[in-house]
Structure formats: C-alpha cells, structure tokens
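Student: Please see the structure below; I have some questions.
The values are calculated or read from the model by the stated rules, or taken from the named source; none is laboratory data. Since the structure is predicted, the reported quantities are computational estimates derived from the model, not experimental observations. Neighbour counts run over all protein chains shown; Cβ positions are idealised from the backbone, glycine included.
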Amino acid sequence: MDIVVLSASRHKNCTLKDVAGGFGTVFTVGDSPFARLLEIAKRRIAAIPNITLAYLDSLLTSHGASVRILDVRRADQLVPADLYLVSSSIVDCNFERELGWEARSRFGARVGYFGTFASAVPDFYSESADFVLRGEIENMAPALARGDIPSGVVDAGFVGDLDALPFPSWDQFDIQRFRYQIVTGRGITLPMLGSRGCPYTCNYCPYRVNSKYRVRTPESVVDEIDYLHRKYSIHGISFRDPNMTFSRSRARRFADLLLRHNLDIRWGMEARTDRLDPELIGLLYRSGLRSVEVGVESSDPDTLRASHRKAIAREQQERVIECCHRLGIRVIANYTFGLPDDTVEGIRDTIRYAKKLNTFAIQFTVTTPYPGTPFYDNVKDDIFERDWECFNGWTNVFRHPSIGTEDLHRLREFAYVSYHLRPRYVWRFLESTVLHPWRFPDPRPAAA
C-alpha cells in the first residue's frame, strides 16, 4: 500500500499547523512597516512541524505500508499513490480541498482527511474525500496500512493508551530546518506531546474540539527524549501540551527523571500560572526548561469568567512570571482581544497589563469562534465571514456586541507595535538574547 501523508500551506506569514488545538494559525500583525518586520521575525524564530505526521509515518510503516511524507505549497508537487491522508487545518482548508481533488483526478488515489478541522466540519471536504476521520487517526492506522479504506464520515475515537504508541519517526523530514529559538538557539528543536487534550472548560478553547484529556507516564516521555537525542542529535524540545504542569507531582517526576538521565536538552512548555510555583519552576529549570508559554488572556477576571475560564489572581501571575525572569526563562504571554464581554477600554487595560508584565514574547490574538466550541455555538448567528481560512486567530470574523472589526484590528496592531517599541522591552529583549549567556549562566553546561 503506497500512502502519502500530506501537509499543505501557501501562506507567506509564519503558519503553524500544530497550534490552536490543531486548527492552525497564520501570524498576522498589521500593515505598518514595523508590523511587517514583526511578521518576518516570527518566520525566522519558529519552524515547528505537525507531530501527527511523524506518528503516522511510524505507525503505517510498522504495519507494512510504504509511506511518503509530503509538505507542499503547489499542486504540481503531488506524487502518485494509492492513498492520500491529508492533515486538515482551518487556515489552509481551501488549498487542502483542492489538493484532494487533484490527487483523485491525476492519480486515481483514494483520499482521506483527518485532524481537528475535519472532525469539526467534515462536510467541508465531502466532495474531495473518500472518507473523513473524526477523532485521532492513529487508531485507524493499522487498518489503513492493510488497505482497509473506509468511506464517508468515520469516528476513529481517541487513543486509549498514549504510552503504547510508537515514538514518532522523523526520518523523512528535513529536520535541520526545525527550530524554536525561544527554547534554544542551538541545533534542532522537535515537538513532543506528553499529554493530549485539556482538563479545563474555557468555552472558546480549540483544544476542546477533537480530544479528551489523557497523559503519558513521565518515564515514557523521558524515554522519547533520550531516543530523539540519540537518533537525531536534537538540542531542543517544544512540548505541545496545553497544560504541561496540570499535575505538579507528574511534572516533578518528569524533571527528576530528566536530570537523572543527564541529557543535554533544553525544552519549552505551555502552562497555567496557577499550576506553577517558585520551587517547581526551579526544578524544571535545572532539568532544562528555558521557555514557558502562559495564557493571561485578559486583565479583567469578569470577562474571563463569563467565557468559563478560571481566572488567575494577578499576584500569582506576576509572582510566577517574575520568578521565570530571575532565572532567565523566556516567557511568552498570550492575550486575546474580542471576548463577548470585552470593551475597547478593557482591551487597552489588557495592553497596559501586558506591558507591566513585560515578557520576552507576546501574542495578541483576536478571539476566534472555532467550530466545535461552545463559543462558536453562542455566536454563530453573528458570524459574517464565510471563508474558513480567515478563522486564523488574528482576524475578526463575527459581529462583536460593542467593538467593530476595524477597531479590533487596529487595537491588535497598536498592541504589538507599542509593546515592542519601549525601552523597557528593548532591555528585556537584549537580556533574553545577546546578553543571556552572561546574565544567566547555564547550570547544566553542554556535554563535552
């Protein structure tokens, strides 16, 4: 069985498919010269692949299929195959559908779509697909490798035991280009999953759409890091879990094991600040933690509670972020503009709060009603945008009760530009980049 596993994108801006719960994002700031400069900088900082493709390569190959991984920008890059498995995203869905038509018409291939967007809106691909999978495609991989091709919309369910999955295979990927300089400026950075799904209930969160919360054992996670280090000579890991430290005891066990293995690895994670404390941060730092991505979202706790997000006290956020800054851990803080209860002044206050926290990196996104979320159901009658590719995390697509679309976009650009053009931020940037080796000597020197 000749199988192509396909990922596709034709955007110029930094496009990450393995974020926003698998919907993907296209980094967009604005039209001013400095906004364009920030977009260019993002392209240079981050290039992280979709880990599901590497899992599929490992699974399909182990069950006897001949697998080819393709990452394409043009239809003429397609190749003959019996089966195309297309990784869906919301930000390139039109292109993905075109490629499905092309693979069927040119090669007579069967075509299946998988991923979060395909699970949420399977009918979108109906005319270009033989089948669309809901759930996690890893469950269907053995049957697909044997040539058992389903039809229509198929419920694949979720992987019950994450530890039972084989480690992802990166043999077919051009891994030399994979990097995330916020984690490390040395060598290759690859993504990993220590868990899937999220245990929280924010009604706008895309991680609720196509997954349920499950975790791997710390032993399995560290074994994979050891494997990636030995086989691919990687120096960095970007954990894609939306909440790496939900269980503090599990996080401590992971850090202890990593220290025991004495691996020369730097890693980054996402976490809630209420699941961190100075003692845990110190342990994680000694084990190689060098970046933390946190969701602040809004400075107004009432706005967050109205969207079923558990608000975190400012004192706790500031304590955790300052602790990271003292250790030289780079912090990425995420904010969202346009929650239903947001106001222009509320967003301006969020921007002021972001400047107070003064983290190394920030993301000011526009709240997006991803299909499959409760938030989408709440506002679907107010959605005016009909092109799914505009649901990219930085573009307003629905009529907000009190803020116009252009106002939201202007606030987004103002936030990015004014945040970065401050002397206090310039010092944070220098401290976190050029001066970092001198300001924060590494407690775990590189292995000889």
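Student: Which number in (1) crowded, with 19+ Cβ neighbours inside 10 Å; (2) within 19 Å of HIS420 (Cβ to Cβ); (3) not β-branched (Val, Ile, Thr) marks the one condition that GLY338 misses?
Tutor: Among (1) crowded, with 19+ Cβ neighbours inside 10 Å; (2) within 19 Å of HIS420 (Cβ to Cβ); (3) not β-branched (Val, Ile, Thr), GLY338 violates only (2).
Student: Name the residues in the stretch 412-422 that are buried (at least 21 other Cβ atoms within 10 Å of the Cβ) and either without any contact (Cβ under 8 Å) to a residue 40 or more places away in the chain or not hydroxyl-bearing (Ser, Thr, Tyr) (or both), would you?
Tutor: If the condition is that a residue be buried (at least 21 other Cβ atoms within 10 Å of the Cβ) and either without any contact (Cβ under 8 Å) to a residue 40 or more places away in the chain or not hydroxyl-bearing (Ser, Thr, Tyr) (or both), then ARG412, ALA415 are the ones that fit.
Student: Return the residue satisfying two criteria in turn: it lies in the stretch 230-266 and is part of a helix (DSSP H, G or I) and either of a type in the set (Gly, Ala, Ser) or touching a strand residue (DSSP E or B) at 6+ places or on another chain (Cβ under 9 Å) (or both), and of such residues it is surrounded by the most Cβ atoms within 10 Å (Cβ to Cβ).
Tutor: Once the filter is applied, the top-ranked residue is LEU258.
Student: Something else about it: Please tell me if ARG439 is surrounded by fewer than 17 Cβ atoms within 10 Å (Cβ to Cβ) and touching a helix residue (DSSP H, G or I) at 6+ places or on another chain (Cβ under 6 Å). First the steps, then the outcome.
Tutor: Numbers: surrounded by fewer than 17 Cβ atoms within 10 Å (Cβ to Cβ): yes; touching a helix residue (DSSP H, G or I) at 6+ places or on another chain (Cβ under 6 Å): yes.
When the stated conditions are applied, ARG439 passes them.
Student: For the stretch 55-74, give me the residue count where each residue is in contact with an Asp or Glu (Cβ under 9 Å, 6 or more places away or on another chain) and either surrounded by fewer than 18 Cβ atoms within 10 Å (Cβ to Cβ) or under 26 Å from GLU98 (Cβ atoms) (or both).
Tutor: Qualifying residue count, the stretch 55-74: 9.
Student: Can you say whether ALA145 is modelled with pLDDT of 95 or more, over 21 Å from the mean Cα position of the chain (by Cα) and either under 29 Å from TYR376 (Cβ atoms) or buried (at least 21 other Cβ atoms within 10 Å of the Cβ) (or both), as far as the supplied structure shows?
Tutor: Yes.
Student: Among the residues of the stretch 210-226, is any of a type in the set (A, V, I, L, M), assigned to a loop (DSSP other than H, G, I, E, B) and closer than 30 Å to ALA306 by Cα?
Tutor: Scanning the stretch 210-226, I find no residue that is of a type in the set (A, V, I, L, M), assigned to a loop (DSSP other than H, G, I, E, B) and closer than 30 Å to ALA306 by Cα, so the answer is no.
Student: Is it the case, given these coordinates, that PHE375 is in the same structural domain as ARG348 (by TED's automatic domain parsing) and under 26 Å from VAL209 (Cα atoms)?
Tutor: Details: in the same structural domain as ARG348 (by TED's automatic domain parsing): yes; under 26 Å from VAL209 (Cα atoms): yes.
So PHE375 fits the description; yes.
Student: Just to be sure I understand, how many residues within the stretch 302-323 are assigned to a helix (DSSP H, G or I) and closer than 16 Å to THR367 by Cβ? Don't jump to the end; show me each part of the working.
Tutor: If we filter the stretch 302-323 for residues that are assigned to a helix (DSSP H, G or I), which is where we start, we get 302-306, 314-323.
Restricting the remaining residues to those that are closer than 16 Å to THR367 by Cβ gives 302-306.
Qualifying residue count, the stretch 302-323: 5.
Student: Can you name the residue in the stretch 376-402 that is more than 19 Å from ALA306 (Cα to Cα) and β-branched (Val, Ile, Thr) and, of all such residues, is surrounded by the most Cβ atoms within 10 Å (Cβ to Cβ)?
Tutor: Across the stretch 376-402, the extreme among qualifying residues is VAL397.
Student: Of all residues being of a type in the set (Gly, Ala, Ser) and touching a Leu at 6+ places or on another chain (Cβ under 8 Å) in the stretch 148-201, which is farthest from LEU430 (Cα to Cα)? Just the residue, please.
Tutor: In this case the residue turns out to be ALA156.
Per-residue answers, yes or no, for (1) within 19 Å of the chain's Cα centre (by Cα); (2) of a type in the set (A, V, I, L, M); (3) in a strand (DSSP E or B):
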| residue | (1), (2), (3) |
| --- | --- |
| VAL4 | no, yes, yes |
| ARG10 | yes, no, no |
| ASP18 | yes, no, no |
| THR28 | yes, no, no |
| LEU53 | yes, yes, no |
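Student: Does the stretch 158-195 hold any residues that are in a helix (DSSP H, G or I) and either surrounded by 16 or more Cβ atoms within 10 Å (Cβ to Cβ) or modelled with pLDDT of 95 or more (or both), and which are they?
Tutor: If the condition is that a residue be in a helix (DSSP H, G or I) and either surrounded by 16 or more Cβ atoms within 10 Å (Cβ to Cβ) or modelled with pLDDT of 95 or more (or both), then LEU162, ASP163, ALA164, ILE175 are the ones that fit.
Student: Going through PHE167, PHE178 one at a time, which residue ends up being among the aromatic types (Phe, Trp, Tyr) and outside the structural domain of TYR335 (by TED's automatic domain parsing)?
Tutor: Just one listed residue meets the conditions, PHE167.
Student: Separate question: So, ASN203, is that one modelled with pLDDT of 90 or more, under 19 Å from the mean Cα position of the chain (by Cα) and part of a loop (DSSP other than H, G, I, E, B) or not?
Tutor: The answer is yes for ASN203.
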